[in-house]
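The values are calculated or read from the model by the stated rules, or taken from the named source; none is laboratory data. Because the structure is a prediction, the values reported are computed rather than measured. Here the Cβ positions follow ideal geometry from the backbone for every residue, glycine too, while neighbour counts run over all protein chains shown. Just the protein is used for accessible areas: all its heavy atoms, side chains included, with ligands, DNA and RNA removed. Shrake-Rupley method; radii C 1.70, N 1.55, O 1.52, S 1.80 Å.
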Amino acid sequence: MKRHAALETLSFEHHDALVIALRIKKGLLKNGDLEPIVEYVLSIYRNHLLHHFEQEEKTLVILLNSIPQIQQALRQMLSEHQRLAEIIRHLEKKEGNLQAHLNEFATLLQQHIRFEERTLFKLAEKYLTQEQLKVIGIFLHDAHKPINKNWQPEFWKD
Ligand SMILES: [Fe+2]
């Protein structure tokens, strides 16, 4: 199914974030120094993912809050955003098993994006009015900040 134009910038960002998740996983497979991967993840999170999550929360939560059929999906979105933020805090403090944190971050990011694309956005398209979607679209297009996929981290290069 084609994504509604109002949500397309979020879907572009999802596509970029899947590339990021794959890079983290491939970086981990190299069994090298984890420090550059941690720095990469922190930078992508601070510069892109956090902004993306905030845009989703600002638009979707406010408009979808009154629709009962969407509550469970909204709660899942919020709790996954929170879990990703929690992993970031561990990475910032360099606490615990960094390899496990990085792996969980990449895996959860992939699952989270699939859930939003296949479930949450479909519900939003179903239950929001065209007028609401138009308002969301204008806001999101203004806020769109593409992830720089061309920036190749050192750990990724052969
Ligand atoms: Fe998202």
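A few remarks follow.
- As a fraction of the 1.4 Å probe accessible area of segment 5-139, surface on carbon and sulfur atoms comes out at 55 percent.
- Accessible area (Å², per residue) of segment 13-158, counting only protein heavy atoms and a probe of 1.4 Å: 53 Å²
- Sparsely packed GluC sites (Glu not before Pro) within segment 54-158, loop by DSSP, other Cβ within 10 Å at most 16: Glu95
- Label positions at His15 and Ala100, each projected 7 Å from the Cα along the C-beta direction, are separated by 3.6 nm.
- Exposure rule at most 11 other beta-carbon atoms within 10 Å, DSSP loop trypsin sites (Lys or Arg not before Pro): the chain longest free segment: 31-93
- Using C-alpha pairs below 8 Å separated by at least 6 residues, the relative contact order for segment 5-139 is 43 percent.
- Backbone N atoms of segment 6-50 closer than 11 Å to the 7 Å Cα→Cβ label point of Glu92 belong to residues 46.
- Across segment 5-139, the fraction of Cα-Cα pairs farther apart than 23 Å, rounded to a whole number, is 35%.
- Membrane-span-like helices in the chain, defined purely by DSSP H runs whose alpha carbon atoms cover 18 Å or more axially and whose average Kyte-Doolittle hydropathy reaches -1.0, are 8-29, 71-93, 98-115, 130-143.
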